[in-house]
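I have placed the structure first, in the form of structure tokens, so that the comments after it can refer back to it.
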Amino acid sequence: MDPKWSNTVCKRVFLTGFTLCVLLDLTSAIEIYADPEVVVQNGTTGVLPCRFRSSEVVSSSTTVSWTFQSSQPDSQFYSAPYVIFYFTNGKGFPGPDEFKDRVQFIGDINRKDVSIQISPTLFSDNGTFFCDVKNPPDVMGTAARTELRVVLKVSLPQVKTAVIIGAVCGALVLLVLIAVAACLVMRVLHNRHDYEGCTSLESVSSQAPQPRKKVESNLEVSRSTTPSGPLQVGAGGQRHPLAATGPVIYAQLDHSGSKNSFHKMEPVVYADIRKN
């Protein structure tokens, strides 16, 4: 083999490979992102977000296309994806009549946001939406896909219901704590009342023996008022105290026999005993 010919072949192969690498690097730089699934309520507005990343500056030649393929076999969009919205040169062009008045571009192409919204959503919108962006020379990106689910209100995630249940549980816990606190307060007040009752009974019992002192004082008064000696009846019926010629005994008797006999005082009986 001629050495010159082999060198020429090597150079051509090298240049071809380098060119392919450069072209592949330029055409594979675009990346498209979208939400895997979007769930909306029937009759409301559904937003389908989509963004892209490109090494090239966005220009008027940048194009955006949204296509739809229905998940319902009886739909006309079931067999293959249909373009429902197309954007180029800063303008949007709606697709078929089924989406013409319901699809609106809400993104900003300069910020690489190409989101759309559908309002109102219908059950016939259940299916797959594809977002594809071409930003020459970045034209080899893979379209992003979003599964749209249009459901009834009862099928939506019960976020509000969870919040309500949490609030009810919190209120029940608070009521239980209040009840426990009330029971503790009532028990403390009850114990304090019992303690005050005991002290009052002790004070009454300590004051009960006081009448005995009063009776003793009455006895002392009665003793002080008794005569110091016996009387002697003399001539003419006059009474004269007798001289203390012998011991004199004074006795006070109580024949009631009751526990409260000190409240029933009988007349004092005096006995005079003398020695002849």
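No value in this document is a laboratory result; all are computed from the given coordinates. No experiment lies behind these values; they were computed from the predicted model shown. When we count neighbours, we look across all protein chains shown, and the Cβ atoms used for this are built from the backbone with ideal geometry, even at glycine.
Under a Cβ-only charge scheme (Lys and Arg +1, Asp and Glu -1), can you give me the dipole magnitude of the range 31-151 about the Cα centre, in debye to the nearest 20?
Dipole size: approximately 240 debye.
Run through every distinct alpha carbon pair of the range 31-151 and return the Kirkwood hydrodynamic radius in angstroms, one decimal place.
14.4
May I ask for the net charge around Thr45, where only other residues with Cβ less than 13 Å from the Cβ of Thr45 are counted and Lys, Arg are +1 while Asp, Glu are -1?
Charge balance in the 13 Å sphere: 0.
For the range 31-151, give me the percentage of DSSP beta bridges that are antiparallel, rounded to the nearest 5 percent.
Counting DSSP beta bridges with both partners in the range 31-151, the antiparallel share is about 90 percent.
Highest mean first, how do 162-169, 81-88, 61-68 rank when packing is the count of other Cβ atoms within 10 Å averaged over residues?
Packing order, densest peptide first, comes out as 61-68, 81-88, 162-169.
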